[in-house]
């Protein structure tokens, strides 16, 4: 009765079972995986947000496959602040970046075609690709005093059915940005293999420090057909608003054909509601008060982490350039899942095991730097005590 594309393994993993059992028994857990900004104690402009959703123009239905023009003009202004000139006609509004990915996959790929995606990275791509009958071919990010794209391996994996190269800028969870030299190589591959470049930039507003070698945004890429995804979930810390966008760019002939086909896809769904589209300019402005709070929280927790990681401890952290996460390297005397289960069961601390993000080896835990300071500090202390004692 059901399609093969939804034939997922739905049994909970060992860690999920352990956490469920602990909560059922009333255990108090310190959640160092928390990345929902609406639950992290930040101060939102509650009145301004609610007033933005009460625009009387929303009572009139004026559909546009791209999304309402005032909203797209606000997105144009967002990129103009970064020195990027766009036309509102290059922008499509969607309810989420997940929906934007579906638009792109449907536009570019036939069933069985492939999208190259980074590894490690967020595990969402396998599900999105599978729902669109597309295969994910991973390419490695390698670590050596910092993260970089394994460009030779990526090039070797660009098979005949590759349709796009996906980059996450900065990556989740590694926090690594695409550099100028890497982009030059990627564009050369795109031109040679006739594939598109897809850039997920939801965390792009959260670098830890300036770096002139870092790409500001992929929205300005014109050497190959490019798609840049972002939205309010991270930019304005409003995941519940379900509003994202897709910026299309590239050589004129490819851009024109891509926009024409995307208009049909978007017109078929017309998914974004008028109240949200009309609220976008105001909701986008709330980032001006939210982002400083988030940057301070992330920087403060990272400083705390570094002060606690003494040289004699068997725990270190990997370099991070941006985003909301930190990666801990632990002794590989246990699997990362075993470490995570042990920390939950014996210490009441929740962390992500590295395999959740497809790390290629054991001994990595991922923690959220968005966590409230007092929770982060106590949870970190318990982790370090547990590892120091070797369990």
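The values are calculated or read from the model by the stated rules, or taken from the named source; none is laboratory data. Just so it is clear, the model here is predicted, and its values are computed rather than measured. We place every Cβ from the backbone using ideal geometry, glycine too, and count neighbours over all the protein chains shown.
If you scan segment 307-317, which residues turn out to be within 17 Å of residue 368 (Cβ to Cβ) and either exposed (fewer than 10 other Cβ atoms within 10 Å of the Cβ) or within 23 Å of the chain's Cα centre (by Cα) (or both)?
Passing the criteria: only 317.
Given the options 232, 208, name the one that is surrounded by fewer than 20 Cβ atoms within 10 Å (Cβ to Cβ) and in contact (Cβ under 8 Å) with a residue 40 or more places away in the chain. First the steps, then the outcome.
On the way: 232 fails: surrounded by fewer than 20 Cβ atoms within 10 Å (Cβ to Cβ).
Checking each option against the conditions leaves just 208.
Given the criterion outside the structural domain of residue 34 (by TED's automatic domain parsing) and either on the phi > 0 side of the Ramachandran plot or modelled with pLDDT of 95 or more (or both), identify the matching residue among 350, 369, 305, 278. Break it down into steps so the answer makes sense when it comes.
On the way: 350 fails: outside the structural domain of residue 34 (by TED's automatic domain parsing); 369 fails: outside the structural domain of residue 34 (by TED's automatic domain parsing); 305 fails: outside the structural domain of residue 34 (by TED's automatic domain parsing).
Only one candidate passes the filter, namely 278.
With respect to residue 69, determine if the residue is more than 20 Å from residue 256 (Cβ to Cβ), at pLDDT 95 or above and over 22 Å from the mean Cα position of the chain (by Cα). Full working, then the answer.
Values: more than 20 Å from residue 256 (Cβ to Cβ): no; at pLDDT 95 or above: yes; over 22 Å from the mean Cα position of the chain (by Cα): yes.
No; evaluated as a whole, the condition is false for this residue.
Among the residues of segment 348-376, write down those that are part of a helix (DSSP H, G or I) and surrounded by fewer than 16 Cβ atoms within 10 Å (Cβ to Cβ).
From segment 348-376, those part of a helix (DSSP H, G or I) are 354-357, 373-376; that's our starting set.
Within segment 348-376, 373, 374 meet the criteria.
Could you check how many residues of segment 262-277 are exposed (fewer than 14 other Cβ atoms within 10 Å of the Cβ) and either part of a helix (DSSP H, G or I) or in contact with a strand residue (DSSP E or B) (Cβ under 6 Å, 6 or more places away or on another chain) (or both)?
4
Output the residues belonging to segment 343-361 that are more than 18 Å from residue 376 (Cα to Cα) and in contact (Cβ under 8 Å) with a residue 24 or more places away in the chain. Give the steps one after another, and end with the answer.
First, the residues of segment 343-361 that are more than 18 Å from residue 376 (Cα to Cα): 354-361.
Selection gives 354, 356, 357, 358, 359, 360, 361.
Which one of these does residue 382 not meet: (1) touching a helix residue (DSSP H, G or I) at 6+ places or on another chain (Cβ under 6 Å); (2) under 27 Å from residue 178 (Cα atoms); (3) not in a loop (DSSP other than H, G, I, E, B)?
(2)
Among 70, 63, which is the only one that is assigned by TED's automatic domain parsing to the domain that holds residue 206 and over 20 Å from residue 282 (Cα atoms)? Give the derivation first.
Values: 70 fails: over 20 Å from residue 282 (Cα atoms).
Result: 63 is the single residue among 70, 63 that is assigned by TED's automatic domain parsing to the domain that holds residue 206 and over 20 Å from residue 282 (Cα atoms).
Can you confirm whether residue 136 is in contact (Cβ under 8 Å) with a residue 24 or more places away in the chain, surrounded by 16 or more Cβ atoms within 10 Å (Cβ to Cβ) and not in a helix (DSSP H, G or I)?
Here the answer is no, as residue 136 does not meet what is asked.
Exactly one condition in (1) out of contact with any helix residue (DSSP H, G or I) (no Cβ under 7 Å at 6 or more places or on another chain); (2) in a helix (DSSP H, G or I); (3) surrounded by fewer than 16 Cβ atoms within 10 Å (Cβ to Cβ); (4) assigned by TED's automatic domain parsing to the domain that holds residue 132 is not met by residue 51; state its number.
(4)
Provide a single number: the residues in segment 112-135 that are under 28 Å from residue 67 (Cβ atoms) and more than 15 Å from the chain's Cα centre (by Cα).
Of the residues in that region, 8 qualify.
Residue 149 versus (1) under 17 Å from residue 359 (Cα atoms); (2) without any contact (Cβ under 8 Å) to a residue 60 or more places away in the chain; (3) surrounded by fewer than 22 Cβ atoms within 10 Å (Cβ to Cβ): which is the lone unmet condition?
With (1) under 17 Å from residue 359 (Cα atoms); (2) without any contact (Cβ under 8 Å) to a residue 60 or more places away in the chain; (3) surrounded by fewer than 22 Cβ atoms within 10 Å (Cβ to Cβ) applied to residue 149, the lone miss is (3).
Looking at 363, 323, 379, which is the one that is modelled with pLDDT of 95 or more, at positive phi and not assigned by TED's automatic domain parsing to the domain that holds residue 237?
Details: 363 fails: modelled with pLDDT of 95 or more; 379 fails: at positive phi.
Result of the check over 363, 323, 379: 323.
Let me confirm something: among 285, 263, 223, which residue is closer than 29 Å to residue 42 by Cα and modelled with pLDDT of 95 or more?
Working: 263 fails: closer than 29 Å to residue 42 by Cα; 223 fails: closer than 29 Å to residue 42 by Cα.
On inspection, the qualifying residue turns out to be 285.
Among the residues in segment 71-86, are any touching a strand residue (DSSP E or B) at 6+ places or on another chain (Cβ under 9 Å), within 16 Å of residue 232 (Cα to Cα) and part of a loop (DSSP other than H, G, I, E, B)?
Checking segment 71-86: not a single residue is touching a strand residue (DSSP E or B) at 6+ places or on another chain (Cβ under 9 Å), within 16 Å of residue 232 (Cα to Cα) and part of a loop (DSSP other than H, G, I, E, B).
So if I check each of 111, 120, which one is touching a helix residue (DSSP H, G or I) at 6+ places or on another chain (Cβ under 8 Å) and at pLDDT 95 or above? Outline the logic, then answer.
Details: 111 fails: touching a helix residue (DSSP H, G or I) at 6+ places or on another chain (Cβ under 8 Å).
Among 111, 120, only 120 is touching a helix residue (DSSP H, G or I) at 6+ places or on another chain (Cβ under 8 Å) and at pLDDT 95 or above.
Identify all residues within segment 311-334 that are under 13 Å from residue 387 (Cα atoms) and without any contact (Cβ under 8 Å) to a residue 60 or more places away in the chain; write none if there are none.
In the first step, residues of segment 311-334 are kept if they are under 13 Å from residue 387 (Cα atoms); the result is 312-316, 328-334.
Once the filter is applied, which keeps residues that are under 13 Å from residue 387 (Cα atoms) and without any contact (Cβ under 8 Å) to a residue 60 or more places away in the chain, segment 311-334 yields 312, 316, 328, 329, 330, 331, 332, 333, 334.
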